[in-house]
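**Student:** Before I ask anything, let me first share the structure, which is written out below as structure tokens.
The values are calculated or read from the model by the stated rules, or taken from the named source; none is laboratory data. As the structure is a prediction and not an experimental result, all values here were calculated from the model. No Cβ is skipped: glycine too gets one built from the backbone with ideal geometry, and neighbour counts run over all protein chains shown. Keep in mind that these areas ignore ligands, DNA and RNA; they rest on the heavy atoms of the full protein, side chains included. Shrake-Rupley method; radii C 1.70, N 1.55, O 1.52, S 1.80 Å.
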Amino acid sequence: MTTSPVLAEVVRSGFVEGRHHGTLVILAPDGTVERALGDVAAPVFPRSSNKPMQAAGMLRAGLDLAGERLALAAASHAGEDFHRDLVSTLLAEHGLTEAALRCPEDLPGYGEGPGPRGRTAMNCSGKHAAMLAACVTRGWPTETYLAPDHPLQRLIRETVETATGEPVAHVAVDGCGAPLFALSLTGLARAFRACVLADPGTPGRRVADAMRAHPEYVAGTGRTDTLLMRAVPGLLSKAGAEGVQAVALADGRAIALKIEDGHARARGPVLAAALASLGVDASAIPPSPVLGGGREVGEVRAVL
């Protein structure tokens, strides 16, 4: 069994008390692999890093979204008031209510906020609302919109495979209930690169442009994706659960990474180091401090 390399160390009071293994790939502007740490051809679940391609699939289905609405379709939002309000608006614009959503109920802030609990507060509700809107647009069934054999999900899978340049390795159920497609990290990086380099007006480019123009709808106040897309012109960024992250720069360079144990605390430092290796200022990414006695006594630092 191959062991993934160490990508980050947990340092407490000058002592390394833990390590995070993982896999990372960096693509050059021409799409070739510039750097690979670990088996970057092995399939992983990108989780919410798949969302830009899923949103592109909805546009291919005929859904006409732009601006904040399209950014929300690719979001893992924090359930802030403006997120929940726009989800409700998007549903109402297509003759739907919150009851049509098949994502679980949740609290805002990825389940950590004070309330209110509901389906619109769930971080994937924008994606689900857009999927339902696409079904209404095409006259497809809304009750079964999450079934892998639903026309919308078949089209989304085709869109993902085209963008990544590889077949889906496995189909599972994501945390929100939608189909989840396993891909290689290299394929994921290729898909992000394809979005930023696509011709203006094409589905992938429309999604990338909306996300970059309205990053607060992609994530939320103080979230890494929001901060990074605001700070670095032309950068597209989308995190996924279980320690996944993908970004693409306007010139076609792209990064995809997966922290093996799924811990999010290592994702930011590793991404920052990878971007720094490309000469990109990643100071907008919040650090991951290690606390002791209520004060900072160390850090999670990248080892690349």
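**Student:** All but one of (1) touching a helix residue (DSSP H, G or I) at 6+ places or on another chain (Cβ under 9 Å); (2) under 27 Å from P43 (Cα atoms) hold for G115; state the number of the condition that does not hold.
**Tutor:** The failed condition is (2).
**Student:** Going through region 103-124 one residue at a time, which ones are open to solvent by less than 30 Å² (accessible area, probe 1.4 Å), in a loop (DSSP other than H, G, I, E, B) and either small (G, A, S) or more than 17 Å from G177 (Cβ to Cβ) (or both)?
**Tutor:** Once the filter is applied, which keeps residues that are open to solvent by less than 30 Å² (accessible area, probe 1.4 Å), in a loop (DSSP other than H, G, I, E, B) and either small (G, A, S) or more than 17 Å from G177 (Cβ to Cβ) (or both), region 103-124 yields G113, G115, A121.
**Student:** Every residue in region 27-39 that is open to solvent by less than 70 Å² (accessible area, probe 1.4 Å) and farther than 16 Å from L249 by Cβ, please.
**Tutor:** Matches in region 27-39: A36, L37, G38.
**Student:** Right, something else. For region 76-95, what are the residues that are assigned to a loop (DSSP other than H, G, I, E, B) and surrounded by fewer than 24 Cβ atoms within 10 Å (Cβ to Cβ)?
**Tutor:** The answer is A78, E80, H94, G95.
**Student:** Which ones in region 125-141 are in contact with an Asp or Glu (Cβ under 9 Å, 6 or more places away or on another chain) and open to solvent by 20 Å² or more (accessible area, probe 1.4 Å)?
**Tutor:** Residue satisfying the conditions is T137 alone.
So that you can scan it fast, the table gives a plain yes or no per residue for (1) open to solvent by less than 10 Å² (accessible area, probe 1.4 Å); (2) over 20 Å from the mean Cα position of the chain (by Cα); (3) of a type in the set (S, T, N, Q):
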position	(1), (2), (3)
S13	no, yes, yes
H20	yes, yes, no
V25	yes, no, no
A41	no, no, no
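**Student:** Next question, about the same structure. Pick out, from region 171-288, the strands (runs of 3 or more DSSP E) lying fully within it that include 3 or more residues that are open to solvent by 50 Å² or more (accessible area, probe 1.4 Å) and of a type in the set (D, E, K, R).
**Tutor:** Because the criterion is at least 3 residues that are open to solvent by 50 Å² or more (accessible area, probe 1.4 Å) and of a type in the set (D, E, K, R), no strands (runs of 3 or more DSSP E) in region 171-288 meet it.
**Student:** Now for a different question. Quick one: in region 1-11, of everything that is open to solvent by 20 Å² or more (accessible area, probe 1.4 Å) and among the hydrophobic types (A, V, I, L, M, F, W, C), which residue is nearest to L188 (Cα to Cα)?
**Tutor:** V6
**Student:** Consider region 47-75. How many of its residues are open to solvent by 10 Å² or more (accessible area, probe 1.4 Å) and not in a helix (DSSP H, G or I)?
**Tutor:** Number satisfying all stated conditions: 3.
**Student:** Here is a further query. Are there any pairs with C-beta distances below 6 angstrom linking a residue in region 49-74 that is farther than 16 Å from H214 by Cα to a residue that is basic (K, R) and not in a helix (DSSP H, G or I), with the two at least 6 apart or on different chains, and if so which?
**Tutor:** Close Cβ pairs satisfying both conditions: S49/K238.
**Student:** I need the full set of residues from region 147-160 which are open to solvent by 10 Å² or more (accessible area, probe 1.4 Å) and assigned to a loop (DSSP other than H, G, I, E, B), in order please.
**Tutor:** Kept after step one, since they are open to solvent by 10 Å² or more (accessible area, probe 1.4 Å), are these residues of region 147-160: 147-149, 151, 154-155, 157-159.
Those that are open to solvent by 10 Å² or more (accessible area, probe 1.4 Å) and assigned to a loop (DSSP other than H, G, I, E, B): A147, P148, D149.
**Student:** Hey, another quick one. Which condition number in (1) in a loop (DSSP other than H, G, I, E, B); (2) open to solvent by 50 Å² or more (accessible area, probe 1.4 Å); (3) under 20 Å from L86 (Cβ atoms); (4) hydroxyl-bearing (S, T, Y) is the one that T144 fails?
**Tutor:** Every condition holds for T144 apart from (3).
**Student:** For region 290-297, indicate whether the set of residues that are outside any loop (DSSP other than H, G, I, E, B), closer than 20 Å to G38 by Cβ and touching a strand residue (DSSP E or B) at 6+ places or on another chain (Cβ under 7 Å) is non-empty. Full working, then the answer.
**Tutor:** Here is the first cut: in region 290-297, the ones outside any loop (DSSP other than H, G, I, E, B) are 290-292, 295-297.
Then drop every residue that is not closer than 20 Å to G38 by Cβ, which leaves none.
The answer is no; no qualifying residue exists.
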